[in-house]
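Q: Can you keep this structure in mind? I'll have questions shortly.
The values are calculated or read from the model by the stated rules, or taken from the named source; none is laboratory data. Remember, predicted model here, so these are calculated numbers, not experimental data. Glycine gets a Cβ as well: all are built from the backbone with ideal geometry, and neighbour counts include every protein chain shown. Accessible surface areas use protein heavy atoms only, side chains included; no ligands, DNA or RNA. Shrake-Rupley method; radii C 1.70, N 1.55, O 1.52, S 1.80 Å.
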Amino acid sequence: MAGEYRFSFGPWNIHEGGDPFGPTVRDSISFGEKLKLYKKLGFDGVQFHDDDAVPEMNKLGPKEIVDKAKEVRKMLEGEGLTAEFVAPRLWEDPRTIDGGYTANDPAARQYAKDRSRRAIDIAVALDTKLIVLWLAREGTYIREAKDSKVAVDRLVEAIDDMLGYNPDMKIAIEPKPNEPMDQAYIPTTGHALALGYLTKDPKRVGVNIETAHAILAGLDPSDEMGFALAYEKLYTVHLNDQNGLKFDEDKSFGSVNLRRAFDQVRLLDKYDYGKRGEFVGLDVKVMRTQKQDGATKHLSNSRTVFLKLVELVRSLDEGKVEQLIAGRDYEELDMLIMSHLLGK
Ligand code: XLS
Ligand code: MG
């Protein structure tokens with residue numbers, strides 16, 4: 001329940017509501033103000049992009065970056081918060097227009113590696129041992145633009161560089177099949193884990209599974225999570241929801257398909273997710289229509305839905321489920337689950 005699970009989100013989840021077709025619609029909230037909201041909303045963990053912690057870090061040297069990150073750690077301590085992970089934000093720099101680790105330009109690849117090392121420095125300063133790699137631009141707009149075999153070699157080389165740079169750091173790859181690219185090189189959990197086994201220390205490479213990304217790949221998010229759990233590789237999750245195959249919507253958890261959310265919570269709860277220190281991470285965007293005052297409801301609502309689903313999962317008659325499975329009466333099992341979700 002609430003005390004058993006620790007929740008996290010990233011500061012980018014409280015946002016101004018701009019989209020590719022229109023301007024921002026809400027005022028900016030400073031990082032410091034956002035931090036003050038975490039506990040009030042029921043959250044203990046902060047997910048970071050490297051430059052959420054150290055804005056304009058490309059203009060700073062390695063020592064200055066660490067000093068700034070240490071100040072952020074003090075801010076976290078002041079609010080009683082923990083840093084969950086740091087993700088190098090490689091996709092906004094002009095040097096990574098064609099990708100970071102898989103760019104055709106060697107200077108771009110070198111920039112991506114250097115920036116990833118700085119992200120690790122920030123993680124150390126923030127006292128977390130987890131790096132998330134969302135491989136945003138590691139893919140193509142046209143298939144002929146890059147060599148997919150070489151791309152995988154380059155991803156391994158980049159991850160090896162991070163693993164070698166810090167022997168304590170673990171890396172959670174966050175697969176996503178498309179957007180911003182037409183085709184991404186690491187679209188699913190299977191690809192991410194297989195990539196991990198090509199690196200020099202597979203023990204330290206796992207995944208961050210995002211609900212919406214699995215759905216965009218045409219897969220069931222709870223099955224993706226089960227796959228990672230079987231490998232003991234589910235380092236974190238990005239729970240949200242997604243209404244079919246379109247742009248990455250990052251909707252509130254359970255808001256599109258409550259049964260799909262129930263199945264994710266059932267699996268996580270069954271296999272003691274969180275007991276090894278994992279956070280229940282959210283990656284949810286508030287609707288653009290939301291007014292300034294209510295623009296954090298998507299976060300508290302997603303957390304509430306998760307906790308209500310934990311209750312529902314634990315009150316499911318598992319003996320009955322077993323019995324129906326043994327009798328191969330899946331129609332009745334279907335009805336049992338639906339009745340349970342309907343509360344009758
Ligand atoms: C985008 C991703 C991104 C990562 C963190 O689709 O979800 O927000 O989770 O870099
Ligand atoms: Mg995400």
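Q: How do the peptides 86-98, 200-212 rank, highest first, by the average count of neighbouring beta carbon atoms within 10 Å per residue?
A: Descending mean neighbour count gives 200-212, 86-98.
Q: Then there's this: Taking the Cα atoms only, what angle lies between the long axis of helix 148-165 and the longest principal axis of the chain, rounded to 10 degrees?
A: Helix 148-165 sits at roughly 80 degrees to that axis.
Q: Only Cα pairs within less than 10 Å get springs; with that Gaussian network setup on the chain, which residue of 307, 163, 35 has the largest fluctuation?
A: The residue with the greatest mean-square fluctuation here is 307.
Q: Using the beta-carbon distance between residue 93 and residue 323 and R0 = 41 Å, what value does 1/(1 + (r/R0)^6) give for FRET efficiency, to the nearest 0.05?
A: Efficiency for this residue pair is about 0.10.
Q: Give me the net charge of residue 114's neighbourhood, meaning all other residues with Cβ under 12 Å from the Cβ of residue 114; Lys, Arg count +1, Asp, Glu -1.
A: +2
Q: While we're looking at this one, here's another question. Would you look at the GNM of the chain, springs on alpha carbons closer than 10 Å, and say which of 25, 132, 124 moves the most?
A: Evaluated over the chain, the most mobile residue of the options is 25.
Q: Could you work out what % of the accessible surface of the range 1-83 is carbon and sulfur, using a 1.4 angstrom probe and leaving DNA, RNA and ligands out of the count?
A: On the range 1-83, the fraction of accessible area on carbon and sulfur atoms equals 55 percent.
Q: Considering only DSSP beta bridges whose two residues both sit in the range 158-266, what percent are antiparallel, to the nearest 5?
A: Close to 10 percent.
Q: Now for a different question. Using a 1.4 Å probe, what is the accessible area per residue for the range 193-236, in Å²?
A: 38
Q: I would also like to ask the following. Calculate the dipole size of the range 222-344 relative to its Cα centre from +1 charges on Lys and Arg beta carbons and -1 charges on Asp and Glu beta carbons; express the result in debye to the nearest 20.
A: Around 540 debye, computed over the range 222-344.
Q: Still on this structure, please answer the following. Restricting to Cα pairs below 8 Å that are 6+ residues apart, what does the relative contact order work out to for the range 47-190? Please round to a whole percent.
A: 24
Q: I've got another one for you. Just list whichever of 40/308; 68/113; 170/246; 34/270; 129/270; 285/308 have alpha carbons separated by over 27 Å in the model shown.
A: Check vs 27 Å cut-off fails for 170/246; 34/270.
Q: Expressed as a rounded percentage, what relative contact order does the chain have, with Cα pairs under 8 Å and six or more residues apart?
A: With pairs under 8 Å counted, the relative contact order is 15 percent.
Q: Quick one: among 294, 164, 274, which has the greatest mean-square fluctuation in a GNM of the chain with alpha-carbon springs under 10 angstrom?
A: Among 294, 164, 274, the largest mean-square fluctuation in the Gaussian network model of the chain belongs to 294.
Q: Rounded to the nearest 20 Debye, what is the dipole magnitude of the range 289-331 about its Cα centre when Lys and Arg each give +1 and Asp and Glu each give -1 at the C-beta?
A: For this selection, approximately 360 debye.
Q: Continuing with the same structure: Given charges of +1 on the Cβ of Lys and Arg and -1 on the Cβ of Asp and Glu, with all other atoms neutral, how large is the dipole of the chain about its Cα centre, in debye to the nearest 20?
A: Here the size comes out at about 540 debye.
Q: Amide H to amide H under 5 Å from residue 281: which residues, 5+ apart in sequence or cross-chain, H placed 1.01 Å off N in plane?
A: Residues meeting the criterion, in which the H sits 1.01 Å from N, are 8, 237, 239.
Q: In terms of modelled amide H atoms, which long-range or inter-chain residues lie less than 5 Å from the amide H of residue 87?
A: 48, 49, 50, 132
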